[in-house]
Amino acid sequence: MFLLSKREQIMPFCVFIYSLIVVFTLSFGSAKAQTLSFPSYTIETIAKGLDYPWALAFLPDGDLLVTERTGQIRRVSQNTVSEPLVGLPKDIYVQGQGGLLDVVLHPNYHINGWLYLSYTVGSDDKNALQVMRAKLSGNQLIQQQIMFTVSPFKDTPVHFAGRMTFLPDNSLLITSGDGFDYREDAQRLNNLLGKVIRINDDGSIPANNPFLSEDVDSLSNYVFTYGHRNAQAILYDPSRGVIFSNEHGPDGGDELNIIQAGVNYGWPVITFGNDYIGGRISPFTDYPNMQQPLIDWTPSIAPSGMAVHSGELFKALNGDLLISVLKFKEVRWVQMDGINVVGQASLLKELGQRMRDVRVHPDGSIYVLTDSAQGKVLRVVPD
């Protein structure tokens, strides 16, 4: 039995109406749905020999920043990979799914020079996700500042989440996993496991977060949404004004979601997946005041990074989602019409590689990170 707080009980009407809108549009969506045909393409290798690359960011000068989960960040310039940048924290915890994770640039990076990194800290019996910001000077990080640390610490080396995205007001969303052994905490607002967290760009609490408490020390002040298992991607799409996220289910039940402030996404009360040993996690696939996904992937595909396509190259894909996939070793093309999912197709399966991240360059070319000890940065362009 999961008991909801008074604050959790006051949102049913808004969530119910939003759920009706999503169900209606998915059921009676537009006539855009059609057989998906991806244009012919060429795959270029931009960098190789990377140690489990996890995320990339495009710098204004054309270079790339690439994180390696094993604790390095490198600059890629004209197909040349730098030595690891100097200035990362000394206490990055590299075990299981932990290590150096996401990198994102501040929306005003060209003015303030801030970049944000997520990574894990601690030890086997006490670890957590942390976010810092720093500035880049050549191949060195300077002016490092710790922005946020997930609380409480846990004793499992998995389900950290760690993806980030900025909103138009320059606040930062951070995904936090449930720690695997702490899944019930995803439904509790007195901790930050299994949540999407929102902070200002200086680490302070936004004044309009949905679960603000009179207690300034309450962890609920940081919560944007809850009921998540292990969200592997989050992005803000300015063309639609929508936040998209994907997340890992257990054995089945991977999800694509639209993220809205204050909403409960259900884990572990509702899920289409089972436990890895075959048992049922919950008898419910729906429950009052808990949001249904746009897509449920059962069996699991293990989605990871995600991007909305825009740009002149592959222009027919503009507005569609591209999702890097680990288990099925592909990039999943999700065709969209507004917020309606109208088709899916598999791309780049010929590579036979686990895909960790996908990003779209401003020109529309598609960048992919392969997930291995000899990982690559690949660029996909039309023939």
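The values are calculated or read from the model by the stated rules, or taken from the named source; none is laboratory data. Being a predicted model, the structure only gives us computed values, none of them experimental. With ideal geometry, Cβ positions are generated from the backbone for all residues, glycine too; neighbour counts draw on all protein chains shown.
Which of the following residues is within 27 Å of I281 (Cα to Cα), outside any strand (DSSP E or B) and acidic (D, E): E214, E184? Break it down into steps so the answer makes sense when it comes.
On the way: E214 fails: within 27 Å of I281 (Cα to Cα).
Selected residue: E184, the only one of E214, E184 that is within 27 Å of I281 (Cα to Cα), outside any strand (DSSP E or B) and acidic (D, E).
Would you check which residues across segment 60-81 are farther than 19 Å from V381 by Cα and crowded, with 17+ Cβ neighbours inside 10 Å and list them?
Hits for segment 60-81 are L65, V66, T67, E68, R69, G71, Q72, I73, R74, R75, V81.
Residue count for segment 248-280 satisfying the condition of being part of a strand (DSSP E or B) and either in contact (Cβ under 8 Å) with a residue 60 or more places away in the chain or in contact with a helix residue (DSSP H, G or I) (Cβ under 6 Å, 6 or more places away or on another chain) (or both): 4.
Can you confirm whether segment 311-324 contains a residue that is aromatic (F, W, Y) and within 30 Å of G179 (Cα to Cα)? Even if it seems obvious, please write down each step before you answer.
As a first pass, look at segment 311-324 and keep what is aromatic (F, W, Y): 314.
So of that shortlist, the ones also within 30 Å of G179 (Cα to Cα) come out as none.
Checking segment 311-324: not a single residue is aromatic (F, W, Y) and within 30 Å of G179 (Cα to Cα).
Would you check if there is a residue in segment 269-286 being within 16 Å of L167 (Cβ to Cβ), crowded, with 23+ Cβ neighbours inside 10 Å and at pLDDT 95 or above? Checking segment 269-286: not a single residue is within 16 Å of L167 (Cβ to Cβ), crowded, with 23+ Cβ neighbours inside 10 Å and at pLDDT 95 or above. Out of V131, V86, I need the residue that is loosely packed, with under 15 Cβ neighbours inside 10 Å and hydrophobic (A, V, I, L, M, F, W, C). Which one? Answer to the selection: V86.
Residues that are surrounded by fewer than 21 Cβ atoms within 10 Å (Cβ to Cβ) and among the hydrophobic types (A, V, I, L, M, F, W, C) within segment 295-307 comprise I295, A302, listed in sequence order. Aliphatic (A, V, I, L, M), touching a residue at least 24 places away in the same chain (Cβ under 8 Å) and part of a strand (DSSP E or B): does that describe V131? Taking the combined requirement at face value, the residue satisfies it. Could you check how many residues of segment 228-268 are surrounded by fewer than 23 Cβ atoms within 10 Å (Cβ to Cβ), over 21 Å from N170 (Cα atoms) and within 15 Å of the chain's Cα centre (by Cα)? Of the residues in segment 228-268, 1 are surrounded by fewer than 23 Cβ atoms within 10 Å (Cβ to Cβ), over 21 Å from N170 (Cα atoms) and within 15 Å of the chain's Cα centre (by Cα). Residues in segment 134-178 that are in a strand (DSSP E or B), small (G, A, S) and under 17 Å from the mean Cα position of the chain (by Cα): A161, G162, S176. Considering only residues in segment 281-303 that are assigned to a loop (DSSP other than H, G, I, E, B) and hydrophobic (A, V, I, L, M, F, W, C), the one that is farthest from N246 (Cα to Cα) turns out to be I281.
The selection criterion, being touching a Phe, Trp or Tyr at 6+ places or on another chain (Cβ under 9 Å) and closer than 14 Å to Q291 by Cβ, holds for Y226.
Okay, residues lined up against (1) in contact with a strand residue (DSSP E or B) (Cβ under 9 Å, 6 or more places away or on another chain); (2) aromatic (F, W, Y):
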residue: G122; (1), (2): yes, no
residue: N139; (1), (2): yes, no
residue: F148; (1), (2): yes, yes
residue: N170; (1), (2): no, no
residue: E184; (1), (2): no, no
residue: Q187; (1), (2): yes, no
residue: A207; (1), (2): no, no
residue: D215; (1), (2): no, no
residue: A231; (1), (2): yes, no
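With respect to Q78, determine if the residue is within 21 Å of V121 (Cβ to Cβ) and either out of contact with any Gly (no Cβ under 6 Å at 6 or more places or on another chain) or of a type outside the set (A, V, I, L, M) (or both). Criteria not met by Q78.
For segment 321-349, how many residues meet the condition of being without any contact (Cβ under 8 Å) to a residue 40 or more places away in the chain, in a strand (DSSP E or B) and buried (at least 16 other Cβ atoms within 10 Å of the Cβ)? So that I can check it myself, show each step before the final result.
Residues of segment 321-349 without any contact (Cβ under 8 Å) to a residue 40 or more places away in the chain: 325, 327-332, 336, 346, 349.
Now restrict to residues that are in a strand (DSSP E or B): 325, 330-332, 336, 346.
Then keep just the ones that are buried (at least 16 other Cβ atoms within 10 Å of the Cβ); that gives 325, 330-332, 336.
Result for segment 321-349: 5.
Taken over segment 75-121, the criterion of being within 21 Å of Q143 (Cβ to Cβ), outside any strand (DSSP E or B) and under 20 Å from the mean Cα position of the chain (by Cα) is satisfied by H106, P107.
Identify, from the list I259, I301, I277, the residue that is of a type outside the set (K, R) and in contact with an Asp or Glu (Cβ under 8 Å, 6 or more places away or on another chain). If you could, list the steps in order and put the result at the bottom.
Values: I259 fails: in contact with an Asp or Glu (Cβ under 8 Å, 6 or more places away or on another chain); I277 fails: in contact with an Asp or Glu (Cβ under 8 Å, 6 or more places away or on another chain).
Answer to the check: I301.
Listed here are the residues, each with its yes/no results for (1) under 22 Å from I258 (Cα atoms); (2) among the basic types (K, R).
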| position | (1), (2) |
| --- | --- |
| G87 | no, no |
| Q97 | no, no |
| L101 | no, no |
| K126 | no, yes |
| D155 | no, no |
| F160 | yes, no |
| L172 | yes, no |
| T175 | yes, no |
| D185 | yes, no |
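Just so you know, in segment 134-164 the residues that are charged (D, E, K, R) and surrounded by 15 or more Cβ atoms within 10 Å (Cβ to Cβ) include one that is farthest from Y236 (Cα to Cα), and it is K154.
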